[in-house]
Amino acid sequence: MATVMDDVVARESRYVLQTYRRNAVTFVRGDGVRLYDAEGREYFDLLSGIGVAALGHAHPGLRRAISEQAETLIHTSNLFFHPLQGELAERLAHLSGLRRTFFCNSGTEAVEACLKFARRYWHTKGAPRAEFIALDESFHGRTFGSLSVTSDEHYRGPFEPLLPTVKFVRTNDAAALAAAASTATAAIIAEPVIGEGGIRPLTVEFASAITAACAKTGALFIADEVQSGIGRTGRPFYFQALGLTPHLVAVGKALGGGVPIGAALVSQQVADTLLFGDHGSTYGGNLLACRAALFVLGEIFDSGVIDNVKRVGPSFERRLRAMAASHPIVKEIRGAGLMWGLQLTRDAAPVVPAALERGVVVNRTAETVVRLLPPLVITMEEADEALGRLDAALGAVEAAA
Ligand SMILES: Cc1ncc(COP(=O)(O)O)c(C=O)c1O
């Protein structure tokens, strides 16, 4: 008899463009940090839909906020005012220290907006600058601008030529950055914790080099906090832990808790160079997305979820380090708060199905890294059980090697 999974796979393979290599699981329901597949099996979710479901799944308050908004008004476009954009932008300004927000629908759109605003800044100043500096191991999205500042040849190659005015420097190499930056540089862009590139926090020394390069050349700094932002590292944004003062910040993923929304946060200095009509989005910041985001920010920053990250994060890290000590294939643990990577000595691909078999969802990134982005509401008891299952999965992979 065909299972739900067979039906889903058969239809997808006929009609859905085959750009994703999916894991052989169909999730149909979620509850907090748990997911359930079509056969009713339970999984601990240590990935949160790639850092999106910060409040876990089917959060009662988020469900209520979204359904109330859906019953009232979902979308009117940016041709008209609505009451929630200003409220959400005010919240983001207080959390980030950047004065203004442009709303969009995804991380890559937030990065695109930041790149365009940086170009616009120099254009308005009457001294156009074209160049961007980005980091090796960076990932900023799949659209042309974001892809142009993404280093991985695997993502870039088939779509070249991309923007020709991008220089890449080695992550955390302060001297290389100092040598690359000049008065031709429009902006330096970096993820404060590199995500897809293998969970690599920038060092404080490198952060100082960014600040120094910007001060010396006038270049703007764009912090891509799409993965590391909104409380994941125990602070609203990781640039704050590094002592950075970005001119632009890209936000996405967790902001809507699963409802698509992105945002480019902009300093007043940059905002002053933008004019009506310079950028836009049909959906960007619609009522439904803003309502979801306001609820998410309220839970994280007013109702104690950020304290949970600060409390559970260190125990999570200790548990990971203990686990690493007993597994020869784990070379290094990197991360902050509830954003962690296990650097393996080998391809991490087999860990994913081994973990799924044991009821825990993780992901491989940068070939050799197991990435963990659990919901920010995870308790230590839940984390203990989930990490116990991951421990067993690592053991199984080692045994099979
Ligand atoms: C740091 C970073 N920037 C940008 C993006 C692109 O976001 P989206 O997939 O929502 O376009 C991602 C996605 O993983 C990301 O991790």
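The values are calculated or read from the model by the stated rules, or taken from the named source; none is laboratory data. What you see is a predicted model, and the numbers here were worked out from it, not measured in a lab. Backbone-built Cβ (ideal geometry, glycine too); neighbour counts: all protein chains shown. SASA here: full protein model, heavy atoms, side chains in, ligands and nucleic acids out. Shrake-Rupley method; radii C 1.70, N 1.55, O 1.52, S 1.80 Å.
Taking amide H as placed 1.01 Å from N in the peptide plane, R29 has its amide H under 5 Å from the amide H of Y36, each at least 5 places away in sequence or on another chain. Couplings 3J(HN,Hα) for segment 324-339, derived from phi with the Karplus relation 6.51 cos²θ - 1.76 cosθ + 1.60 (θ = phi - 60°), are 4, 4, 9, 10, x, 7, 8, 8, 7, 10, 10, x, 6, x, 10, 10 Hz, where x marks Gly and Pro. The chymotrypsin sites (Phe, Trp or Tyr not before Pro) of segment 12-101 meeting both criteria, a DSSP state outside H, G, I, E and B (loop) and at most 15 other C-beta atoms within 10 angstrom of the site's C-beta, are Y20, F80, F81. The calculated FRET efficiency for the pair L163 and Y36, based on their C-beta separation and a Förster distance of 41 Å, comes to about 0.40. Convex hull volume of the Cα atoms of segment 67-118, normalised per residue: 114 Å³. When DSSP beta bridges are limited to those with both residues in the chain, what percentage is antiparallel, rounded to the nearest 5? Of those bridges, close to 65 percent are antiparallel. Among the chymotrypsin sites (Phe, Trp or Tyr not before Pro) in segment 247-321, those placed in a DSSP loop whose Cβ has at most 15 other Cβ atoms within 10 Å are F276. Sequence-ordered 3J(HN,Hα) estimates for segment 274-284 from the Karplus curve with 6.51, -1.76 and 1.60 and θ = phi - 60° stand at 9, 10, 3, x, 5, 7, x, 7, 5, 7, x Hz, glycine and proline given as x. Taking amide H as placed 1.01 Å from N in the peptide plane, D224 has its amide H under 5 Å from the amide H of A190, E191, A250, each at least 5 places away in sequence or on another chain. Amide hydrogen proximity for I194: with H placed 1.01 Å from N in the peptide plane, the residues at 5 or more positions away or on another chain lying under 5 Å are R200, L202.
Mean sequence separation of contacting Cα pairs (under 8 Å, at least six apart), scaled by the length of the chain, corresponds to a relative contact order of 21 percent.
Taking the three principal axes of the alpha carbon atoms in segment 187-230, the coordinate ranges are 30, 18, 18 Å, sorted in descending order. Among the GluC sites (Glu not before Pro) in segment 2-67, those located in a DSSP loop and surrounded by at most 12 other Cβ atoms within 10 Å of their own Cβ are E39.
Between T345 and H279, the C-beta separation translates, for a Förster distance of 45 Å, into a calculated FRET efficiency of about 0.50. What is the diffusion coefficient of the chain in µm²/s, taking the Kirkwood radius over Cα pairs and the Stokes-Einstein relation at 20 °C with a viscosity of 1.002 mPa s? For these conditions, the coefficient is 98 µm²/s.
Overall shape of segment 280-401 was characterised from the C-alpha gyration tensor. The equivalent ellipsoid obtained from it has semi-axes of 31, 18, 12 Å, in decreasing order.
Magnitude of the charge dipole for the chain, about its Cα centre and with charges confined to Cβ atoms of Lys, Arg (+1) and Asp, Glu (-1), is about 680 debye. Summarising the label geometry, the points placed 7 Å from Cα in the beta-carbon direction at R29 and R318 lie 3.6 nm from one another.
Once you've got the Cα coordinates, tell me which of K167/K216; K125/K216; K253/K331 are over 21 Å apart. Present the calculation step by step, with values, prior to reporting the outcome.
Values: K167/K216 18 Å; K125/K216 17 Å; K253/K331 28 Å.
Flagged as over cut-off: K253/K331.
Only helical runs count toward this figure. For the chain, summing -39,500 (n - 2.57) over DSSP H runs of n ≥ 4 and dividing by all residues gives -12000 deg cm²/dmol at 222 nm. Computed with a 1.4 Å probe over protein heavy atoms only, the accessible surface of segment 275-353 comes to 43 Å² per residue. Dividing the mean sequence gap of close Cα pairs (under 8 Å, 6+ apart) by how many residues segment 316-370 holds gives a relative contact order of 27 percent.
Here the Karplus relation 6.51 cos²θ - 1.76 cosθ + 1.60, evaluated at θ = phi - 60°, turns the backbone of segment 62-78 into coupling constants of 5, 4, 5, 4, 5, 6, 4, 5, 4, 6, 9, 5, 9, 8, 10, 5, 8 Hz, with x for every Gly and Pro.
What's the FRET efficiency of R99 with M5 using the Cβ-Cβ distance as r and R₀ = 51 Å, to the nearest 0.05? E between R99 and M5, to the nearest 0.05, is 0.55.
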